[in-house]
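Below is one structure; the comments refer to it alone.
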Amino acid sequence: MTSQGVPEVPRARLGPLRRAGDGGQGIVYFTDRVKINVSWEAAYKEYLPTTSFNPYVLRQMVAFVPELDADSGRWLCENTAWPAALVVDGGQVTGFLMRRIPERFRMPWGENGADVPAALQYLLNPQTYLNRKGIHLDGRARLRLLEAIADVMARLHSLNVIVGDLSPNNLLVDLSNPGCFFIDCDAMRLRGQDVLDQVETPEWSIPGRGREPTATAAADSYKFGLLAIRLFAQDQMGQDVSALAGVSNDLGVLARRSLDDNSTSRPSMGDWLSVLRTAQFGRVQQAPPARRVITSPWSSRRVAVPPQPAAATAYASTAPRATTPVGNTPPHQTVAPKPTAAARSPQASVEHPVLTAVVTWMVLLLALGCAVSVVAFVVNLF
């Protein structure tokens, strides 16, 4: 069933619903009766009766993907839980269907190794916490992850989409094949319009609240700067640029510009991409442990430690049983390659005390040391 070319699915057709989580705006359910693009398992977000939302803008979001060229539409669906179809009940829009979180963005980071959405918030913790969770993340991996996030945000901006409430609990990550996946997409701003009132996660809000508009490219830049600073500082709340600047002076400059109260001074996502790519060819130091960790109670739009997925968006995939296709974007499966093993440095030693032999060995060691450093660099980079 469609209205003005936008897919609409009666709520009754979703069949038995399994509650996946809830939050301040709505409840997320799993449904096995439908699929997105005849390929992806579906989740249904149903707005609470008390939630004020704009069904007209939500309809525009659903219509957005078919309006794009095939490559852009596929890309958007692979990197976001974008609204794919309206759900109606009694002639009223009650919510929307979206794809469930892809398996590559789920990790055994929960309590007792439970499989959970790989939210970025897990990575903003001290090294002891990461070690306990079995999360391996060195400086170069952090750079590659930031590059992947900046790339997605740059492309979203090119499509006239603003993230708005950029925070570590609505951004999922893949470390083995660096990538990211945005959830809570109905909170994004499309072509200057909003489905929901814009809100900001505590400790991730723009400065001078009330003086600067929210959900702009400049606001996204500010929050990305915070993300980059905190990822290297391993700190959930800080704004100390020193750890990031220690990796690259240019990154430190960008981070300081991102936090500027003057929004016109902030760098674009393209500026970040260029410097992040260059920084990966330099020597990357491990970030120091954080000085503090948030211990505030968890809510649907707050950060907490130990991190737990936000209830309204922490939905998981189950075995496919869907029968009704929804959406028009061609399916595409992404397989994350296994990470490469680090190269071992060959060893050399001096065996003869004769002066000429010592000199010869020193020359050989110097040459060998250069070769070893190049091999290690290539392995760590790729």
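The values are calculated or read from the model by the stated rules, or taken from the named source; none is laboratory data. Being a predicted model, the structure only gives us computed values, none of them experimental. No Cβ is skipped: glycine too gets one built from the backbone with ideal geometry, and neighbour counts run over all protein chains shown. Ligands, DNA and RNA are stripped out before the accessible areas are found, and what is left, the full protein with its side chains, is counted by its heavy atoms. Shrake-Rupley method; radii C 1.70, N 1.55, O 1.52, S 1.80 Å.
If you go through the range 110-140 and pick out every residue that is of a type in the set (Lys, Arg) and touching a helix residue (DSSP H, G or I) at 6+ places or on another chain (Cβ under 8 Å), you end up with 2. Every condition in (1) farther than 23 Å from residue 16 by Cα; (2) surrounded by fewer than 16 Cβ atoms within 10 Å (Cβ to Cβ) is met by residue 65 except one, and the failing one is (2). If you go through the range 76-99 and pick out every residue that is under 15 Å from the mean Cα position of the chain (by Cα) and among the charged types (D, E, K, R), you end up with 1.
Taken together, 241, 253 contain a single residue that is β-branched (Val, Ile, Thr), crowded, with 18+ Cβ neighbours inside 10 Å and at pLDDT 95 or above, which is 241. For the range 187-204, the tally of residues that are at negative phi and either touching a strand residue (DSSP E or B) at 6+ places or on another chain (Cβ under 7 Å) or surrounded by fewer than 17 Cβ atoms within 10 Å (Cβ to Cβ) (or both) stands at 8. The lone criterion from (1) open to solvent by 10 Å² or more (accessible area, probe 1.4 Å); (2) out of contact with any Ser or Thr (no Cβ under 8 Å at 6 or more places or on another chain); (3) modelled with pLDDT of 95 or more; (4) under 30 Å from residue 236 (Cβ atoms) left unmet by residue 20 is number (3). Return a yes/no flag: does the range 150-161 have any residue that is modelled with pLDDT of 95 or more, among the acidic types (Asp, Glu), within 12 Å of the chain's Cα centre (by Cα) and open to solvent by 10 Å² or more (accessible area, probe 1.4 Å). Checked the range 150-161: at least one residue is modelled with pLDDT of 95 or more, among the acidic types (Asp, Glu), within 12 Å of the chain's Cα centre (by Cα) and open to solvent by 10 Å² or more (accessible area, probe 1.4 Å). Evaluating residue 221 against the criteria (1) small (Gly, Ala, Ser); (2) crowded, with 21+ Cβ neighbours inside 10 Å; (3) more than 23 Å from residue 76 (Cα to Cα) leaves one unmet condition, (3). Checking the stated criteria, residue 290 turns out not to satisfy the condition of being closer than 15 Å to residue 139 by Cα, modelled with pLDDT of 50 or more and either out of contact with any Ser or Thr (no Cβ under 8 Å at 6 or more places or on another chain) or part of a helix (DSSP H, G or I) (or both). With respect to the conditions (1) at positive phi; (2) open to solvent by less than 20 Å² (accessible area, probe 1.4 Å), residue 90 falls short on a single one, namely (2). Residues that are of a type outside the set (Lys, Arg), under 17 Å from the mean Cα position of the chain (by Cα) and open to solvent by 40 Å² or more (accessible area, probe 1.4 Å) within the range 137-149 comprise just one, 147.
Under the condition of being over 13 Å from residue 143 (Cβ atoms) and open to solvent by less than 30 Å² (accessible area, probe 1.4 Å), the residues counted in the range 260-274 number 3. Summed over the range 33-46, residues that are touching a helix residue (DSSP H, G or I) at 6+ places or on another chain (Cβ under 9 Å) and open to solvent by less than 20 Å² (accessible area, probe 1.4 Å) total 7.
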